[in-house]
Amino acid sequence: MHNNNAKFSSLTKRLAIAVGFSLLAGCTVMPGGHVKGERDDSINMDKVKITTLTNDTIAQLNGQFESNSPERISVKLEQQLESYQYRIGVGDVLSIIVWDHPELTTPAGQFRDAAATGNPVRANGTIFYPYAGNVKVVGKTAPEVRLLLTKALSKTIQSPQVDVSVAAFQSQKVYMTGEVQQSGVQPITNVPLTLLDAINNAGGLTETADWRNVTLTRYGNDGSEDKTIDLHALYQKGELSQNTLLRHNDVIHVARNDALNVFVMGEIKEPDTLVMNRNGMSLAQALSSAGGINEGTADATGIFVLRAGEQDVTDVYQLNAQNAVAMVLAAKFQLQPNDVVYVTAAPIARWNRIITQLAPTAVMLKNLSDIDKIYSTSN
């Protein structure tokens with residue numbers, strides 16, 4: 001499945017960059033820095049929002065991005081861990097010992113473990129124990145079962161000393177899929193299992209994992225609910241709110257980083273499609289990875305970042321890099337997946353026509369990314 005998804009994503013990248021360049025082909029630079037080509041009047045400039053990058057605007061954008069990070073877990077994890085109790089389910093095996101009454105305890109022996117000699121929980125949620133009969137144990141904790149057996153055995157045995165534990169945890173599990181070293185099933189035991197524990201148990205993330213796009217699917221009486229977890233915030237920033245206590249039948253899927261593309265175009269030495277790493281990518285890093293701008297032809301006042309927003313609105317961020325100090329701003333400005341970085345050769349006074357050429361590109365790239373995600377999910 002990964003091979004098919006990788007091929008499709010690679011095709012998406014090539015198609016996106018090709019279509020992007022074709023859209024920009026009409027924006028040809030003529031001698032004197034003028035733009036040749038007809039303006040596309042079909043583009044509604046009311047749906048284009050222009051922001052000049054300054055220290056203040058970058059700080060505001062970074063704060064907005066943090067506040068819009070994936071949904072926070074409402075219940076504090078510490079409280080859940082403190083109150084955690086394992087509830088016995090069908091398929092679990094109980095180990096029951098009645099002290100001073102070896103006839104009631106099946107010895108494990110040298111070659112037999114407690115799971116093989118214990119009391120399995122049957123499909124009707126009960127176990128059978130001598131002198132106690134059928135005892136309903138599903139949904140109860142081990143201490144609660146111990147009290148039930150103690151009460152039942154008291155009718156036959158004087159002051160019975162009973163010990164109950166779960167010898168084999170087989171009733172509840174979670175499923176780990178996607179970009180982890182060892183995908184598969186993990187049991188839920190009397191030790192609480194968190195999202196971070198499950199990932200560590202799976203050997204950690206692969207090189208192609210998307211740290212910002214981990215989906216937790218939780219099934220309940222009203223169907224399933226998906227939550228997006230940001231592991232970058234958890235690992236790099238210590239936001240424990242991104243960690244959560246796992247439940248029976250939870251599915252954790254770690255997506256590939258194929259959708260973390262940044263497209264660098266225009267007066268760049270090496271126009272390319274870049275893939276963001278787990279730490280993200282700044283505008284300065286994107287320009288550097290593409291070989292930098294063409295100093296002989298590029299207009300340093302016209303470094304644009306286009307980002308597709310909601311309802312087909314295109315956010316355009318403009319950096320004036322005439323002063324080298326402006327690259328400090330570029331290092332602070334964090335890109336997002338499917339951003340289009342474009343360096344123009346035209347004077348900034350002609351930006352309106354350039355934007356009308358570029359705006360459809362950002363929306364198109366976002367749509368291609370959405371198609372890619374749908375394809376990956378269906379496969």
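The values are calculated or read from the model by the stated rules, or taken from the named source; none is laboratory data. Predicted model only: the values in this text are computed from it and were never measured. Neighbour counts are summed over all protein chains in view; Cβ atoms, including those assigned to glycine, are modelled from backbone coordinates with ideal geometry. Surface accessibility is based on the protein's heavy atoms, side chains included, excluding ligands, DNA and RNA. Shrake-Rupley method; radii C 1.70, N 1.55, O 1.52, S 1.80 Å.
Considering only segment 44-131, give the helices (runs of 4 or more DSSP H) lying wholly within it that have at least 2 residues that are over 30 Å from Asn243 (Cα atoms) and modelled with pLDDT of 85 or more.
Where helices (runs of 4 or more DSSP H) fall fully within segment 44-131 and carry at least 2 residues being over 30 Å from Asn243 (Cα atoms) and modelled with pLDDT of 85 or more, they are 55-67.
Kindly indicate whether any position in segment 324-331 is part of a helix (DSSP H, G or I), open to solvent by less than 20 Å² (accessible area, probe 1.4 Å) and modelled with pLDDT of 80 or more. If you could, list the steps in order and put the result at the bottom.
So in segment 324-331, the residues part of a helix (DSSP H, G or I) come out as 326-331.
Remaining after also requiring open to solvent by less than 20 Å² (accessible area, probe 1.4 Å): 326, 330.
When the remaining residues are screened for being modelled with pLDDT of 80 or more, the result is 326, 330.
Yes, because at least one residue in segment 324-331 is part of a helix (DSSP H, G or I), open to solvent by less than 20 Å² (accessible area, probe 1.4 Å) and modelled with pLDDT of 80 or more.
What do you reckon, is Gln311 part of a helix (DSSP H, G or I), open to solvent by 50 Å² or more (accessible area, probe 1.4 Å) and at pLDDT 90 or above?
Details: part of a helix (DSSP H, G or I): yes; open to solvent by 50 Å² or more (accessible area, probe 1.4 Å): yes; at pLDDT 90 or above: no.
Judged against the criteria, Gln311 is not a match.
Under the condition of being assigned to a loop (DSSP other than H, G, I, E, B) and free of Cβ contacts under 8 Å to residues at least 12 places away in the same chain, which residue from segment 283-306 is farthest from Ala324 (Cα to Cα)? Explain how you work it out, then say what you get.
Going through segment 283-306, the residues assigned to a loop (DSSP other than H, G, I, E, B) turn out to be 290-292, 294-302.
Still in the running and free of Cβ contacts under 8 Å to residues at least 12 places away in the same chain: 295-296.
Details: Glu295: 12, Gly296: 16 Å.
Filtering first and then ranking leaves Gly296.
Residue-wise test of (1) at pLDDT below 95; (2) more than 30 Å from Ile127 (Cα to Cα); (3) of a type outside the set (Asp, Glu).
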| site | (1), (2), (3) |
| --- | --- |
| Ala168 | yes, no, yes |
| Trp211 | yes, yes, yes |
| Asp222 | yes, yes, no |
| Lys227 | yes, yes, yes |
| His232 | yes, yes, yes |
| Tyr235 | yes, yes, yes |
| Asn243 | yes, yes, yes |
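Output the residue which, of all residues in segment 161-189 that are part of a loop (DSSP other than H, G, I, E, B) and open to solvent by 30 Å² or more (accessible area, probe 1.4 Å), is farthest from Gln85 (Cα to Cα).
Residues of segment 161-189 that are part of a loop (DSSP other than H, G, I, E, B), as a first pass: 161, 169-172, 179, 181-183, 188-189.
Pick out the ones that are also open to solvent by 30 Å² or more (accessible area, probe 1.4 Å) and you get 161, 169-170, 172, 181-183, 189.
Values: Gln161: 22, Phe169: 13, Gln170: 16, Gln172: 13, Gln181: 29, Gln182: 27, Ser183: 26, Thr189: 9 Å.
Per the criteria, the residue is Gln181.
Kindly provide the set of residues from segment 120-160 that are open to solvent by 50 Å² or more (accessible area, probe 1.4 Å) and within 17 Å of Gln170 (Cα to Cα), ordered by number.
Selection gives Pro120, Arg122, Ala123, Asn124, Val138, Lys140.
Filter segment 193-225 down to residues that are open to solvent by 40 Å² or more (accessible area, probe 1.4 Å), outside any strand (DSSP E or B) and farther than 22 Å from Leu260 by Cα, then give me how many there are.
Residues meeting the conditions: 7.
Within segment 227-237, track down each residue that is within 11 Å of the chain's Cα centre (by Cα), charged (D, E, K, R) and either within 15 Å of Gly280 (Cα to Cα) or open to solvent by 60 Å² or more (accessible area, probe 1.4 Å) (or both).
Matches in segment 227-237: Asp230 only.
Where the second residue is assigned to a strand (DSSP E or B) and open to solvent by 70 Å² or more (accessible area, probe 1.4 Å) and the first is closer than 10 Å to Lys47 by Cα and lies in segment 310-329, which pairs have Cβ atoms under 9 Å and are six or more apart or on separate chains?
Cβ pairs passing all conditions: Val313/Lys49; Thr314/Lys49; Asp315/Lys49; Asp315/Ile50.
Tell me which residues, restricted to segment 244-287, are open to solvent by 10 Å² or more (accessible area, probe 1.4 Å) and more than 27 Å from the chain's Cα centre (by Cα).
Gly266, Glu267, Lys269, Glu270, Pro271
Could you tell me which numbered condition Gly291 fails, if it satisfies all but one of (1) open to solvent by less than 20 Å² (accessible area, probe 1.4 Å); (2) modelled with pLDDT of 85 or more; (3) among the small types (Gly, Ala, Ser)?
(1)
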